[in-house]
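What follows draws every value from the coordinates through simple rules; no lab data is involved. Predicted model, so just to flag it, every value in this text is computed and none were measured. Cβ: placed from backbone, ideal geometry, glycine included. Neighbour counts: every protein chain shown.
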């Protein structure tokens, strides 16, 4: 993946500002765009120039495909992989007013993905899944004597 242009990422933040103040951060040779800490768009150059990619899900995939958008697909270890992001419609790249409905839809998909992730039960962590260790063969430390205890300043 070629490095994405920071100027284009800034322009995309301006286009997407209809859903709130956007921030672009470097991510894997491209840019992740978020608002309120929630990522909902990417800027990446997959070889044909930088593109804005918007978050999608099963419900919105058909809308993107009907608008002629392409799915975010990349090669990894000789195998094609894809993510739930689609290129922004060409006409929506012309103005924030045309982009706002698409941005709202992408943000909604990000919110749904976040809430679904939070609702899933988490498995045991490595620290909880450790086997109990055998008791040590060392003798226990003796209890401190009464005279060895620390006294307060008042005596």
| task | Compute the distance in nm between two label points, each set 7 Å from the Cα along the Cα-to-Cβ direction, one at residue 23 and one at residue 79. | result | 3.4
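Restricting things to Cα coordinates, could you compute the convex hull volume per residue of region 6-119 in Å³?
Dividing the Cα hull volume of region 6-119 by its residue count gives 114 Å³.
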| So, by mean Cβ neighbours within 10 angstrom, what's the order for 15-24, 100-109, 58-67 with the highest one leading? | 100-109, 15-24, 58-67
